[in-house]
Every structure is written in structure tokens, then in C-alpha cells.
Amino acid sequence: MSILLAIFYFFYFSIIGVYIIFLPKVLSMSGYGASEIGIIFAAAPLVRFIVPFAFIKGLKINVASFNISLIIMCISAISFYFSLDNFYKLLFSNITLGVGLSIVLPYVELISLKYLGKEEYGKIRLFGSVGFILVALVLVKFLSSPSVALMYLLALTFSTSAVAFVIAKRADALLQRSEEVTNDINLLKDWRLWAGLTLMQVSFGSFYNFFTIYVTDHGVMLDIAVYLWSFGVVVEIFMLYFQGTLLRKNLLLILQATTFITALRWFIVFLFPENVTMLFIAQAFHALSFALFHSAAISYLFYLYKHKSLAQQFFSGITYGFGAFLGALIAGYVYELYPSYLFLSATLIALMATYSLYLWQETKAVQVK
């Protein structure tokens, strides 16, 4: 199972590499404005936010529904070929892709935590980072037209779906058992925790959707922009491999520290958008603001709630879904109206995440007393 999970992460995050690094630039080259790009890239996360609530209303996850989500992913990847010239077609393609993604990754993450444990999770998850960096380094050399990026997106989506199909089939019994647990997740009661996790991803809206455009608009070459992405992934891989010891510590404290460091990261990008050295320093923080934060977050939720599958589903849907949706919209309009303040806004949002997690800590302390 470890090998299958490693292969899945490799292909899945290769898709994310194409989607995040190159598609915004492809849309910009195709004549789409900043706000249009923001809306398009907000569609899939919004769907990821909505889908988890269906599981509260009785929708069950099983091999059949999992496989349907894989089929939807593949169809959406094909539809990109016929959608690039039309805003509404492209928006629909992103929505269908979001439906597929909203089911696939959270349950593979759950399987990983159950089979591997939080200490070994990073050593398998790092293969996703390897896939991300390899597709970035390869595609930048061949991105002669939008169709090239779409071809990579299609091939990688089909490869991911094939591996995920095998994983789901082997882990069917495990997934069924996870659905039998009574829901103990109260979003309203625990709003400080979920607000902190979500605001962290809102702050990433500027980075995921506009970093390539932002730095190239400030005179940084596209090749250098890709190297910046790649360097961030290299330090991410390093952290994923060695983070096991850290994850034995106070997970909530790790979440608070990584959100604050993320605010510092965005502030550096705001102050030095043309300074390649400072941009590389900011990217070095990716080891903490993504790798360690993500592992600490899913581990914290895994041990906090009894309904572990739904907890991972909500983490994907609310933080990476609604958080990314809101982040994309905010970033799109900020960059269109006040482009020089894009990463200052991200800094303030990350600081709000830190404060919200601090409030959650105070709430937990009162409950213990």
C-alpha cells in the first residue's frame, strides 16, 4: 500500500503543479483578466467546500462513489481542451474538476494516516512534492502553447485516477468502517479552530493564483519563477522527510507558529517583489507554511475527532475549498485594483489565522478547567 500511496501522491500533485503554476499564465496569455482568472480558479474550491456537507445529510463514501469521482475528474480534464476560448465553459470545467477532487484526496489522506501514522506520513507524502517539482521543471521547457499544458493535465489526471482506483479497491473495508462512526464535529462550537485553518488557506490565494504573474510582472523571468516554485518544493520535501519528530510535539503550537511564519513570508514578498534573493528566502518558509502546517493540521484533526473521515473531508472542503475560493476572489480583485498590495493583504489574513488559533487554544484551556 505504501508504494501505491507514493505513486498516487506523485501523480496527484503533478496535476496541482500544472494547475497552479502554469494554468494562470495560460489564461493570462489567452486574454483573461485578473478578476476573471480569480473567478475561474475559485470555482473548483467552492465546490470542494459544498460537497462535504452532503456527507452529513447521508451521502456515503464507498468504492462506487469514489470511482464516480475519478470519472468526473477525467471528463473535466478532457473538457479543458474545448473550453479555453470561452469563460463559461472553462468555469464549468473547473467546477466538475472540483467535484472530483473534493472526494478523492481527503480519503486517500485518511488511508495514509491509518496505514502509515503521522510520523511516517511525510515520507510517503513527499513523493507528491517530487511530482510537483518535476512537472514544473519539465513543462517550463515545453510550454510553447496552452495545449501543451492541457495535454499534461489530461495525462496526469488519467494516471492519478488509475492509481486511486486500485487504492480505493484495496482499502474498501477501511473506508466502510470509518463511515460507521457517529459525527462528533461541531463547526459552530469549534469555529475558532476552523476559522484559523481556513484563513491560512485564504492567505495562500495570492500565492497559488498570482505568484507567477506577480513576479513576472515585476521583471522576474518565467524560468526564475519556476525555479522559485521548485525551490519551495525542495524545502517542502526536506521538511516532510524529517518532520516526524516535530509532529510528536504540541500540534496546536505548531499550527500557531506556522501561520505566523507564513505572515512573515508574505510580507517579504510584498517588500521585495523584484529581489530574487529575498524571494528565495521567502520560498524557504514553504517548508513550514505548507509542509509542516499541512501535516500538523490533518494529524491534529485525526486525533481530535472520532469521525476521522469526515474531519479530513471538512479540512479539504472548508480550508482548501472555501478558503481557496475566498482567497482566489480576494486576490483577483486586489491584484486588479491594488496590485502592489497583493501580498500585504495576504500578510494580514495570515496574522488573523494566527490570532484565531490562539483564541482556540484559550477556549480549550477553559474547557479543561
May I ask you to verify whether LEU139 is within 18 Å of the chain's Cα centre (by Cα), surrounded by fewer than 21 Cβ atoms within 10 Å (Cβ to Cβ) and more than 22 Å from LEU46 (Cα to Cα)? no
Taking the range 321-335 on its own, how many of its residues are surrounded by fewer than 24 Cβ atoms within 10 Å (Cβ to Cβ) and farther than 17 Å from PHE210 by Cβ? 1
Test for PHE204: is it touching a residue at least 24 places away in the same chain (Cβ under 8 Å), out of contact with any His (no Cβ under 7 Å at 6 or more places or on another chain) and under 15 Å from ALA350 (Cα atoms): yes
Which of (1) modelled with pLDDT under 80; (2) surrounded by fewer than 17 Cβ atoms within 10 Å (Cβ to Cβ); (3) of a type outside the set (Ser, Thr, Tyr); (4) farther than 25 Å from ALA171 by Cα is the odd one out, the single condition PHE41 does not satisfy? (2)
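Which residues, taken from the range 1-45, are aromatic (Phe, Trp, Tyr) and farther than 24 Å from TYR335 by Cβ?
Looking only at the range 1-45, we keep the residues that are aromatic (Phe, Trp, Tyr), and these are 8-13, 19, 22, 32, 41.
Residues satisfying the conditions are PHE8, TYR9, PHE10, PHE11, TYR12, PHE13.
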Just for the range 254-279: of the residues that are in contact (Cβ under 8 Å) with a residue 40 or more places away in the chain and farther than 17 Å from PHE204 by Cα, which one is nearest to the chain's Cα centre (by Cα)? ILE254
Exclusive hit being of a type outside the set (Phe, Trp, Tyr), touching a residue at least 60 places away in the same chain (Cβ under 8 Å) and either surrounded by fewer than 18 Cβ atoms within 10 Å (Cβ to Cβ) or closer than 18 Å to VAL334 by Cβ (or both), set LEU193, LEU197, LEU187, LEU246: LEU187
Is it the case that ALA291 is modelled with pLDDT under 95, surrounded by 20 or more Cβ atoms within 10 Å (Cβ to Cβ), among the aliphatic types (A, V, I, L, M) and closer than 17 Å to LEU357 by Cβ? no
SER2 polar (S, T, N, Q) and either more than 25 Å from LEU240 (Cβ to Cβ) or in contact with a Cys (Cβ under 8 Å, 6 or more places away or on another chain) (or both): no
Report, by residue number, each residue of the range 294-316 that is part of a loop (DSSP other than H, G, I, E, B) and modelled with pLDDT of 85 or more. TYR305
Just wondering, is there one or more residues in the range 18-39 that are small (Gly, Ala, Ser), over 30 Å from SER340 (Cβ atoms) and not in a loop (DSSP other than H, G, I, E, B)? no
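Return the residues of the range 199-244 that are more than 28 Å from TYR355 (Cβ to Cβ) and in a loop (DSSP other than H, G, I, E, B); say none if nothing qualifies. Spell out the reasoning first.
Residues of the range 199-244 that are more than 28 Å from TYR355 (Cβ to Cβ), as a first pass: 212-213, 215-231, 233-234, 237-238, 241-242, 244.
Once the filter is applied, which keeps residues that are more than 28 Å from TYR355 (Cβ to Cβ) and in a loop (DSSP other than H, G, I, E, B), the range 199-244 yields HIS218, GLY219, VAL220, MET221, GLY244.
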Please identify the pairs in which a residue from the range 82-97 that is under 12 Å from LEU150 (Cβ atoms) has its Cβ atom under 9 Å from the Cβ atom of a residue that is of a type in the set (Lys, Arg), counting only partners at least 6 apart or on another chain. PHE82/LYS89; SER83/LYS89
Just to be sure, is PHE343 closer than 20 Å to ILE111 by Cβ, in contact with a helix residue (DSSP H, G or I) (Cβ under 9 Å, 6 or more places away or on another chain) and hydrophobic (A, V, I, L, M, F, W, C)? no
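The values are calculated or read from the model by the stated rules, or taken from the named source; none is laboratory data. On a predicted model such as this, the values are computed, not experimentally measured, just so you know. In this analysis, Cβ positions are derived from the backbone assuming ideal geometry, glycine residues included, and neighbour counts consider all displayed protein chains.
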